[in-house]
Amino acid sequence: MFFYMRVFVKDELLYSIEEAIRVYLSSLNFIPKTVEVEVKDSFGYVSAEDLNSPIDYPPFSRSNVDGYALKSSCTPGELKVIDRIEIGEFKEVHINECVAVEVDTGAIIPMGADAVIKVEDVKIISGNLIKVDKKMTFGQNIGWIGSDIPKNSIILRKGEVISHEKIGLLASLGISKVKVYEKLKVYLIATGDELVEPGNSLSPGKIYESNLHYLYSKLKQNYQIVGLSLLRDDIESIKNEIKRAISLADVLILTGGTSAGEKDFVHRAIKELGSIIVHGIKIKPGKPTILGVVDNKPVIGLPGNIVSSVVVFDTVISEILRNLYPSRKEIVELGKIKAKLALGTKADKYRNTLIPVYLFKSVDSSYYALPVKFESYMIGTFSLTEGYIMLNPNEEIEEGKEVEVNVKKFDDSISIIGEEDKRILNSDTKNVLLGSLPAKKAIEYKFGDVAVISSLYSSSVDNYDRVFCRQILVNGEGEEIGYDDWIGMSKIVKNPVVKLRSPSTIYSLLGKAKVYAPEGYIIGKKVFEECLYMIGISERGKRYLSTIKV
């Protein structure tokens with residue numbers, strides 16, 4: 001009689017979960033395939049390239065309200081209504097004097113107009129004569145061309161999982177197709193003489209097969225399942241099925257036969273056809289997990305116990321599959337979480353109000369939410385942020401208070417918070433370049449990784465890691481365009497007619513007013529020098545700053 005020699009792996013020789021994943025991934029030479037898909041079909045795919053916006057968004061300066069487009073310099077006063085522009089309509093209408101054009105929300109702003117007054121804020125004197133009692137400011141109720149997404153700005157990162165909101169943004173920018181990584185083809189095999197397919201009668205000593213059902217349901221949303229097999233404990237059958245699976249799939253996952261029993265043939269089959277990189281992990285249940293390679297393709301063996309399969313899949317296999325793509329450090333299933341507000345925010349007086357937020361982890365791993373300024377047409381801002389909070393009418397929440405965040409996804413890549421500069425803008429990091437105020441809050445509350453603060457915003461910055469300086473230029477004549485109060489360059493113009501969100505949004509105003517921007521953005525006369533101080537908040541932020549060139 002032949003007796004099989006049982007082989008055991010000593011616990012002290014096992015890899016930890018993190019070690020097993022690292023060792024296994026470093027041994028693979030897997031190159032994922034790319035494919036071009038329709039944007040409407042791209043949900044859940046991983047982007048295979050950085051994608052820049054082909055147009056400004058909005059693509060024209062548009063009205064944010066139903067009302068009358070006019071010259072702000074003509075208010076207050078009485079104005080003749082000379083025309084009407086509906087949404088989706090283009091007319092060669094020019095406002096060269098103190099007149100008005102009626103416009104819908106979303107309608108194009110006529111040439112020469114620089115503000116829109118709400119229809120409810122005017123008095124109708126006669127059929128085509130209105131009275132404006134208040135002074136309007138330059139840019140009031142106008143969404144300037146490119147104010148949400150400037151042309152050529154990065155809208156989709158390589159390795160980013162495409163969300164429903166991102167599909168809406170891509171379509172809004174006229175993009176119909178996107179290059180993605182083809183979804184992995186996965187083949188599933190369960191082994192065991194004791195297994196019976198559910199729906200059949202169960203004889204003594206047998207159990208129903210459940211691993212294939214669990215794995216199939218877990219994988220089918222994000223991967224292509226190209227085969228399922230239930231095999232007896234026969235090494236030749238197992239080897240033949242592995243060969244067949246490898247010819248069809250990118251990844252093979254087997255269950256059963258990974259331990260040290262007489263009929264545990266899976267580890268023998270993998271070793272004969274390829275190699276085993278890891279056999280045994282410090283995890284309970286799930287110790288006899290196999291991570292192997294056959295014909296340069298990942299072959300993973302899970303213990304036959306269904307609970308072991310669940311535990312190992314969630315802790316090991318899902319991480320391996322995700323990292324077969326060049327993926328970003330995204331978490332997409334947080335749901336609703338509690339976070340502290342980095343800045344105070346307030347709702348509309350009469351309506352429930354959505355406030356988009358970026359999420360950051362602090363050094364103690366708690367979450368902070370940074371609210372951003374938002375108008376309802378800003379699909380770019382909404383899709384690029386990571387979640388949102390909902391406020392009741394007229395509700396105001398103070399800085400530091402805890403809020404409930406509806407999380408769309410959380411990017412845990414290295415984050416840079418603060419001033420915008422072209423040397424930072426295209427770096428492969430989580431860039432939240434909204435100005436020095438958010439950067440100062442990041443330092444105060446110790447969230448995020450790197451802060452960038454302007455010398456124009458803070459005259460003295462202590463304990464910085466890197467610094468670089470740039471010239472601020474001026475271009476044009478007339479009314480002065482400034483920046484949002486969060487930004488260092490807001491200190492240059494005391495009473496601007498428009499406050500821009502970033503230097504990248506300057507281009508639509510060139511030739512129309514007096515604008516200021518850093519060198520590299522515009523051509524003009526040097527008027528100021530600004531230094532940007534880069535401060536590492538977290539340890540990985542400090543390590544990142546030690547490696548970059550600016």
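The values are calculated or read from the model by the stated rules, or taken from the named source; none is laboratory data. From a predicted model like this one, the values you see are computed outputs, not experimental measurements. With ideal geometry, Cβ positions are generated from the backbone for all residues, glycine too; neighbour counts draw on all protein chains shown. Accessible surface areas use protein heavy atoms only, side chains included; no ligands, DNA or RNA. Shrake-Rupley method; radii C 1.70, N 1.55, O 1.52, S 1.80 Å.
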Item to check | Fraction of the pair-distance distribution of the range 336-412 above 18 Å, Cα-Cα pairs, percent | outcome: 35 percent
Item to check | Options Val101, Thr137, Phe30, ranked by Cα towards positive dipole end of the range 1-148, top entry (Cβ charges) | outcome: Thr137
Checklist entry - So what are the ³J(HN,Hα) numbers for the range 86-102, from phi and the Karplus equation (6.51, -1.76, 1.60; θ = phi - 60°), rounded to whole Hz, Gly and Pro as x? => result 8, 4, x, 9, 10, 9, 7, 10, 10, 9, 10, 8, 7, 10, 9, 10, 6
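For the range 16-129, what does the convex hull of the Cα positions come to per residue, in cubic angstrom?
Dividing the Cα hull volume of the range 16-129 by its residue count gives 210 Å³.
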Item to check | Relative contact order, percent, the range 346-460 [alpha-carbon distance under 8 Å, six or more residues apart] | outcome: 25 percent
Checklist entry - Could you work out the helix-only [θ] at 222 nm for the chain, with each DSSP H run of four or more residues adding -39,500 (n - 2.57) and the total divided by the number of residues, to the nearest 500 deg cm²/dmol? => result -4500 deg cm²/dmol
Item to check | Spatial extent of the range 257-368: Rg and Dmax, with the Cα atoms as the point set, Å | outcome: 22.0, 73
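Defining a contact as two alpha carbons under 8 Å apart and six or more residues distant in sequence, what relative contact order in percent does the range 398-451 show? Numbers along the way, then the final one.
Working: 60 pairs, mean separation 20.1, N = 54.
Computed value for the range 398-451: 37 percent relative contact order.
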Checklist outcome for this item: In whole percent, the Cα-Cα distances of the range 62-143 spread across 10 Å bins from 0 upward as 22, 61, 17
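Kindly work out what percent of the DSSP beta bridges joining two residues of the chain are antiparallel, to the nearest 5. Before the final figure, lay out the partial values.
On the way: 78 of 117 bridges.
That works out to approximately 65 percent antiparallel.
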Checklist entry - Which of the trypsin sites (Lys or Arg not before Pro) across the range 491-522 are loop residues per DSSP, with 13 or fewer other Cβ within 10 Å? => result Lys494
Next on the checklist: Quick check on the range 101-159: take the gyration tensor over C-alpha atoms, sort the square-rooted eigenvalues as a ≥ b ≥ c, and tell me if it's rounded (a/c under 1.5), prolate or oblate.
Outcome noted: prolate
Item to check | Residues whose placed amide H lies under 5 Å from that of Ile277, excluding near-sequence neighbours | outcome: Leu291, Gly292, Val293
Next on the checklist: Return the Rg/Rh ratio of the range 390-446 with Cα-based radii and a Kirkwood Rh.
Outcome noted: 1.04
Item to check | At 1.002 mPa s and 20 °C, Stokes diffusion of the range 438-480 via Kirkwood alpha-carbon radius, µm² per second | outcome: 167 µm²/s
Checklist outcome for this item: Binned at 5 Å starting from 0, the alpha-carbon pair-distance distribution of the range 391-550 in whole percents comes out as 2, 8, 17, 20, 17, 14, 11, 7, 3, 0
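How big is the Kirkwood radius of the chain, worked out from every pair of different alpha carbons and given in Å to one decimal?
By the Kirkwood definition, the hydrodynamic radius is 27.3 Å.
Hey, could you get me the Stokes-Einstein D for the range 138-228, Kirkwood radius over alpha-carbon pairs, 4 °C and 1.567 mPa s, rounded to whole µm² s⁻¹? It would help to have the intermediate numbers written out before the result.
Numbers: Rh = 18.1 Å.
D = 71 µm²/s.
Compute, for the chain, the length of the dipole vector about the Cα centre, with Cβ point charges of +1 (Lys, Arg) and -1 (Asp, Glu) only. Units Debye, rounded to 20.
My answer is approximately 700 debye.
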Checklist outcome for this item: Taking the alpha-carbon centre of each part, the distance from the range 243-291 to the range 332-398 in Å is 46 Å
Checklist entry - What does the convex hull of the Cα atoms come to per residue for the range 472-541, in Å³? => result 100 Å³
Item to check | Under 5 Å, built H, 5+ apart or other chain: amide partners of Ile414 | outcome: Lys430
Item to check | Accessible area of the range 121-245 belonging to carbon and sulfur atoms, whole % at 1.4 Å probe | outcome: 49 percent
Next on the checklist: Are there DSSP H segments in the chain that both extend 15 Å or more along their axis (alpha-carbon positions) and score a mean Kyte-Doolittle hydropathy of at least -1.0? List them, or say none.
Outcome noted: 17-27, 235-248
Item to check | Å² per residue, accessible surface of the chain at 1.4 Å | outcome: 47 Å²
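At 20 °C and 1.002 mPa s, what whole-number value in µm²/s does Stokes-Einstein give for the translational diffusion of the range 320-360, with Rh from the Kirkwood sum over Cα pairs? Provide the component values of the computation, followed by the final result.
On the way: Rh = 13.9 Å.
Roughly 154 µm²/s, to the nearest whole number.
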Checklist outcome for this item: Reduced to Cα centres, the span from the range 406-421 to the range 470-529 in Å works out to 25 Å
Checklist entry - When all alpha-carbon pairs of the range 184-307 are counted, what percent fall beyond 21 Å? => result 34 percent
Checklist outcome for this item: Under 19 Å by backbone N from the virtual spin label 7 Å along Cα-to-Cβ at Cys98, the residues of the range 113-137 are 113-118, 122-137
Checklist entry - What GluC sites (Glu not before Pro) in the range 351-452 are in a loop by DSSP, with at most 10 other Cβ atoms within 10 Å of the Cβ? => result Glu398
